[in-house]
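As structure tokens, the structure follows; a few thoughts come after it.
The values are calculated or read from the model by the stated rules, or taken from the named source; none is laboratory data. Everything numeric here is computed off the predicted structure, so don't read it as measured data. All Cβ positions, even for glycine, are placed from backbone atoms using ideal geometry, and neighbour counts span all protein chains on display.
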Amino acid sequence: MIKRNNSFNIAIVGLGQIGNYLYNELNIKKKQIEKKTGKKIKIVAISAKNKNKKRKFKINKNIFFSNPLDIYKKKIDILFETIGLSGGISKKIVEKALKKKIHVITPNKALIAKHGDNLSKLAEKNKVNLEFEASVAGGIPILRTIKEGLATNQIKKIYGILNGTTNYILSEMENSNENFDKVLQKAQKLGYAEPSNPKLDLNGFDAFAKVRILSALAFNNKISKSNCIMEGIENIELKDIRIADQLNLRVKLLGISEIINNQLFETVHPCLVNKNTYIGNVNGVMNAVILQGKPIGESIFQGEGAGPGPTSSSLLSDLMSILRGNINYSFGIPFGKRKSIKSFNNNYYTNSLYLRFEVKDKPGVLSSITNRLAKFNISVKRIIQTPDKKNKRATIVIITHKTSEINSKKCLSIFKKNRNIIKFPTLIRLYN
């Protein structure tokens, strides 16, 4: 929907950390936006749970609506949805906006990963934009780059560090020599992790939602719904960080999406990467996306991935695109031309493995472990054994040659019954 006049009315639903920052940015940068687009903007409606909550700046209560659906009493041209739910009121508000021919901008990766296909179809039908640049990799303009800058490239693989919270935690554990819980508290104080419930960052869900969005854009497919490997960093201990350091490796939570034998493979899990590689040196809250395409080759994009500043940067980028009259397909091509791709069987995903066993320090324990690995054709590349004589325990770390997921699962499940193994082995895949 191209506006004939030069004024656009804006609504913001959700005034959390991102919504508050965005509200302030829109007010501060009105003149800059007008100068660059020739269009004026005006915030005519805002909505949040609590009108009286203390905020860093004054909010005009005349445009405040406690019920987010009441914002449509105002004439709106562009809606920012920053609530962040994967469905529910977030979905309802966005659907209603699109049906009313209102452009929608959102950083809500959970919503797009779950309902992006239907919402993009609705936007296309009503000739308005559904923009979600801020949903992936904070301030890095990776989605627009894929849709526009690399539109004629054939992309085969896209991977990287897609969650600033987990990257900060892993980096800080290494730098400070502090355990997971202590570093998580630091991340919460600094605003890098949710203060009440950081689970979706830590368990890999946040990064995985981004992987599904990237896949849909990179490979022109509909959003995958198949079960994939999704693991977070909750089981990574300081001991693993120290051992990795001895091996000249670092732990990184990687999101990976690629086409293997014309099938779609998507995963998120911790990886051990070499310290001498590019991805091994992306630390702190930084995100990095590495894209392999033809004829472009390998392209690398890096920037801050956590915090309201980078997110607002991408939200305003989407706003500028709409104000300039760019009517785009949400996923780069018409909905009807996006295909469904068969999913790669995760059982055949192969990696070398880092396996850490905490065991009773008794004769024969190591041989029982290596014999079990051999029965499942998992060959040992390296063994590090560290005794704890005081507690009559030992830590055994085994680096394996490449093996399949199905082999490792079957093999490790048997260790649950071994009384000499104190806790279930920690498994970290080595990035190939």
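Restricting segment 288-337 to residues that are surrounded by fewer than 20 Cβ atoms within 10 Å (Cβ to Cβ) and of a type in the set (Phe, Trp, Tyr), which is nearest to Tyr192 (Cα to Cα)?
Ranking the qualifying residues of segment 288-337, first place goes to Phe301.
Which residues, taken from segment 49-72, are exposed (fewer than 10 other Cβ atoms within 10 Å of the Cβ) and not polar (S, T, N, Q)?
Scanning segment 49-72 gives Lys54, Lys56, Phe57, Lys58, Lys61.
Determine which member of the set Lys157, Lys182 is free of Cβ contacts under 8 Å to residues at least 24 places away in the same chain and outside any loop (DSSP other than H, G, I, E, B).
Going through Lys157, Lys182 in turn, just one is free of Cβ contacts under 8 Å to residues at least 24 places away in the same chain and outside any loop (DSSP other than H, G, I, E, B): Lys182.
Restricting to segment 241-269, and then to whatever is of a type in the set (S, T, N, Q) and in a loop (DSSP other than H, G, I, E, B), can you tell me which residue is nearest to Gln385 (Cα to Cα)? Full working, then the answer.
Initial filter on segment 241-269 (of a type in the set (S, T, N, Q)): 246, 248, 257, 261-263, 267.
Retained after the next criterion (residues that are in a loop (DSSP other than H, G, I, E, B)): 248, 261-262.
Numbers: Asn248: 17, Asn261: 39, Asn262: 42 Å.
Among those residues, the one meeting the criterion is Asn248.
Suppose we filter Asn126, Asn153, Asn163 for residues that are surrounded by fewer than 20 Cβ atoms within 10 Å (Cβ to Cβ) and in contact with a Leu (Cβ under 7 Å, 6 or more places away or on another chain); which single one remains?
Selected residue: Asn126, the only one of Asn126, Asn153, Asn163 that is surrounded by fewer than 20 Cβ atoms within 10 Å (Cβ to Cβ) and in contact with a Leu (Cβ under 7 Å, 6 or more places away or on another chain).
If the Cβ limit is 8 Å and pairs must be 6+ apart or interchain, which residue in segment 226-241 that is more than 13 Å from Val211 (Cβ to Cβ) pairs with which residue that is small (Gly, Ala, Ser) and surrounded by 15 or more Cβ atoms within 10 Å (Cβ to Cβ)?
Qualifying pairs under 8 Å: Gly232/Gly204; Ile233/Gly204.
For the subset of segment 408-425 comprising residues that are surrounded by fewer than 18 Cβ atoms within 10 Å (Cβ to Cβ) and of a type in the set (S, T, N, Q), which member is modelled with the lowest pLDDT?
Going through the qualifying residues, I end up with Asn418.
Going by the structure shown, is Leu272 at pLDDT 95 or above, under 23 Å from the mean Cα position of the chain (by Cα) and assigned to a strand (DSSP E or B)?
On the way: at pLDDT 95 or above: yes; under 23 Å from the mean Cα position of the chain (by Cα): yes; assigned to a strand (DSSP E or B): yes.
Judged against the criteria, Leu272 is a match.
Scan segment 36-48 and give yes if some residue there is at pLDDT below 95, crowded, with 18+ Cβ neighbours inside 10 Å and of a type in the set (Gly, Ala, Ser), otherwise no.
There is at least one residue in segment 36-48 that is at pLDDT below 95, crowded, with 18+ Cβ neighbours inside 10 Å and of a type in the set (Gly, Ala, Ser).
If you check Ile236 against the conditions, is it among the β-branched types (Val, Ile, Thr) and over 16 Å from the mean Cα position of the chain (by Cα)? Steps first, please.
Numbers: among the β-branched types (Val, Ile, Thr): yes; over 16 Å from the mean Cα position of the chain (by Cα): yes.
Here the answer is yes, as Ile236 does meet what is asked.
Name the pairs whose Cβ atoms lie under 7 Å apart, with the first residue in segment 50-70 and more than 15 Å from Asn27 (Cβ to Cβ), the second aromatic (Phe, Trp, Tyr), and 6 or more positions between them or separate chains?
Within 7 Å, the pairs are Lys51/Phe64.
From Ile213, Ile233, which residue is crowded, with 18+ Cβ neighbours inside 10 Å, assigned to a loop (DSSP other than H, G, I, E, B) and either of a type outside the set (Ser, Thr, Tyr) or on the phi > 0 side of the Ramachandran plot (or both)?
Values: Ile213 fails: assigned to a loop (DSSP other than H, G, I, E, B).
It is Ile233.
Considering segment 57-100 alone, what residues qualify as being touching a helix residue (DSSP H, G or I) at 6+ places or on another chain (Cβ under 9 Å) and of a type in the set (Ser, Thr, Tyr)?
Tyr72, Thr82, Ser86, Ser90
Might you check whether a residue that is modelled with pLDDT of 95 or more, under 21 Å from the mean Cα position of the chain (by Cα), hydroxyl-bearing (Ser, Thr, Tyr) and over 20 Å from Glu194 (Cα atoms) occurs anywhere in segment 108-121?
Yes, segment 108-121 contains at least one residue that is modelled with pLDDT of 95 or more, under 21 Å from the mean Cα position of the chain (by Cα), hydroxyl-bearing (Ser, Thr, Tyr) and over 20 Å from Glu194 (Cα atoms).
Quick one: which of Leu355, Leu366, Leu316 is closer than 19 Å to Glu148 by Cβ and in contact (Cβ under 8 Å) with a residue 12 or more places away in the chain?
Going through Leu355, Leu366, Leu316 in turn, the sole match is Leu316.
So Ser257 clears everything in (1) in contact with a Gly (Cβ under 7 Å, 6 or more places away or on another chain); (2) of a type in the set (Gly, Ala, Ser); (3) under 15 Å from Leu162 (Cβ atoms) except one condition, right? Which one?
Every listed condition holds for Ser257 apart from (1).
Residues to consider are Lys100, Lys127; find the one that is among the basic types (Lys, Arg), touching a Phe, Trp or Tyr at 6+ places or on another chain (Cβ under 8 Å) and under 26 Å from Ile89 (Cβ atoms).
Result: Lys100 is the single residue among Lys100, Lys127 that is among the basic types (Lys, Arg), touching a Phe, Trp or Tyr at 6+ places or on another chain (Cβ under 8 Å) and under 26 Å from Ile89 (Cβ atoms).
With respect to Ala218, is the statement that it is surrounded by 18 or more Cβ atoms within 10 Å (Cβ to Cβ) and within 27 Å of His115 (Cβ to Cβ) true?
Numbers: surrounded by 18 or more Cβ atoms within 10 Å (Cβ to Cβ): yes; within 27 Å of His115 (Cβ to Cβ): yes.
It is true that Ala218 is surrounded by 18 or more Cβ atoms within 10 Å (Cβ to Cβ) and within 27 Å of His115 (Cβ to Cβ).
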